[in-house]
Amino acid sequence: MCAVEIDPDTGTVNVVRYTVVDDVGTVINPLTLKGQIHGGVVQGLSQVLFERIEYDPDSGQLLTGSFMDYCMPRADDVCSMEVDSNPVPTKLNPLGVKGAGEAGTVGAVPAVMNAIMDALAPLGVKEFDMPATSDRVWRAIRQARST
């Protein structure tokens, strides 16, 4: 579950609440599990809010080839997360464990994007594609208001 706030004057999207529950089988180390889930959620959140690969239309040269021009999330881009587990041990291995390395990523993209669409709906925005950068969100709001 994700909740966002959008400033209609700037297009800035702030994730204000995020809750995730995963089935990772038997939990062996809760602390490292939460770290894995947090990392996956931030990876998905980054895809929705920041990641834009751009190429020069004439030469095909990659324009976002380094971290100087390819936005990455920072700690202040992420809210505190509530992470829970619903362990259902698998019968496929003796410990009953399941993978958790990318578990947070899978649900983060639709959760964050759906929260953004819910926040944009009252402003008249009906369609919006990732990434939800502030300039793109601002333009979508302006376009919806002008129609």
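Every number in this text was worked out from the coordinates using simple rules, so none of it is lab data. Small disclaimer: the values here were computed from a predicted structure and weren't measured. As a convention, Cβ positions derive from the backbone with ideal geometry for all residues, glycine included, and neighbour counts pool all protein chains shown.
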Radius of gyration and maximum dimension Dmax of the chain, Cα, Å: 18.0, 61
Placed amide H near residue 25: partners under 5 Å, 5+ positions off or other chain: 88, 98
Backbone N within region 10-35 under 15 Å of label point (7 Å from residue 92 Cα along the Cβ vector): 23-26
Cβ-based net charge around residue 17, under 10 Å, with every Lys or Arg adding one and every Asp or Glu removing one: -2
Cα-based helix-to-principal-axis angle, 134-146 vs the chain, degrees rounded to 10: 60 degrees
Candidates 91, 126, 34: whichever shows maximal mean-square fluctuation once the chain is modelled as a Gaussian network with Cα springs under 10 Å: 91
Gained length - residue 147 relative to residue 3, 0.36 nm times residue gap less alpha-carbon distance: 49.1 nm
On Cα atoms only, tilt of 103-120 relative to the major axis of the chain in degrees: 40 degrees
Ordering of 50-57, 131-138, 96-103 by packing [mean C-beta count within 10 Å, highest first]: 131-138, 96-103, 50-57
